[in-house]
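What follows is one structure encoded as structure tokens, with my remarks underneath.
None of the figures in this text is laboratory data; all of them are computed from the coordinates on show. These numbers come from a predicted model, not from an experiment. Here the Cβ positions follow ideal geometry from the backbone for every residue, glycine too, while neighbour counts run over all protein chains shown.
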Amino acid sequence: MCPLHGQVWEHQRVAPLLAKGTYLGVPRIGRKPPGTHWAVPPRRAGDLCEPAAVEVLITLACTAARQAEQ
């Protein structure tokens, strides 16, 4: 996942983008707890979230964390 060309990633401090060529280990599709597993499994191999959806999720999580601190 990477931001659209020319966009700036606003969440680098809390959710940094990985550098080009970085590999991220993920559980196999269908893996169940315990251990690393999918909260919402992908529909198929290679099925990635849209960057805008990830950004919304991060924004909501940051807002919830700030509210919990108060």
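Side notes on the structure shown:
- Spacing of the two label points (7 Å from each Cα toward its C-beta) at L57 and H11, in nm: 0.8
- Over the chain, relative contact order from alpha-carbon pairs under 8 Å, at least 6 apart, %: 32
- Tensor-based shape of the chain (alpha-carbon gyration tensor, a/c under 1.5 rounded, otherwise prolate or oblate): oblate
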